[in-house]
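Below you'll find the structure, written out as C-alpha cells, and then a few comments.
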Amino acid sequence: MALTQTEKNKLWQEKNKEHSKYLKYRSTSRSFIRKLATEEDLKELTKLIEERLKNIGKEG
C-alpha cells in the first residue's frame, strides 16, 4: 500500500523531531514578524537578536 504525502510528512516529522521543531519555530517567528509585530515588538526583537548574535560568537 502506497503512503500518501501527508503520511510521508508525518513519518519524516517523527524521525526528525528536533529539526521539525526548529522549522516550526522558525516559521512561527517569521509569520509573527511579517504579519503581527508592532514597532515595539520589533525593537525588542532587534535587541534579542543582537544579544543572541553576540552569544553565538562566544559559543563558536
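The values are calculated or read from the model by the stated rules, or taken from the named source; none is laboratory data. Remember, predicted model here, so these are calculated numbers, not experimental data. Quick reminder, even Gly has a Cβ in these numbers, built from the backbone with ideal geometry, and neighbours come from all protein chains shown. Areas reflect the complete protein model, heavy atoms only, side chains present, ligands, DNA and RNA absent. Shrake-Rupley method; radii C 1.70, N 1.55, O 1.52, S 1.80 Å.
Per-residue ellipticity at 222 nm, computed for the chain from helices alone with -39500 (n - 2.57) per DSSP H run of at least four residues, works out to -26000 deg cm²/dmol. Output the 0 to 90 degree angle, nearest 10, between the alpha-carbon long axis of helix 5-15 and the longest principal axis computed from the alpha carbons of the chain. It works out to around 60 degrees. Annotation: Glu14 carries an accessible surface of approximately 100 Å², with a 1.4 Å probe and no ligand, DNA or RNA atoms counted.
Number of Lys-Lys pairs in the chain under 16 Å by Cα, sequence gap 8 or more or different chains?
Final tally of qualifying lysine pairs is 5.
For the chain, the solvent-accessible area with a 1.4 angstrom probe is 100 square angstrom per residue. Over the chain, the reciprocal of the mean inverse Cα-Cα separation, the Kirkwood hydrodynamic radius, stands at 14.3 Å.
A simple spin-label model places the labels of Gln13 and Lys58 3.6 nm from each other, with each point 7 Å out along Cα-to-Cβ.
Element breakdown for the chain at a 1.4 angstrom probe: carbon and sulfur atoms account for 54% of the accessible area. Sequence-ordered 3J(HN,Hα) estimates for region 53-59 from the Karplus curve with 6.51, -1.76 and 1.60 and θ = phi - 60° stand at 4, 5, 5, 4, x, 6, 6 Hz, glycine and proline given as x.
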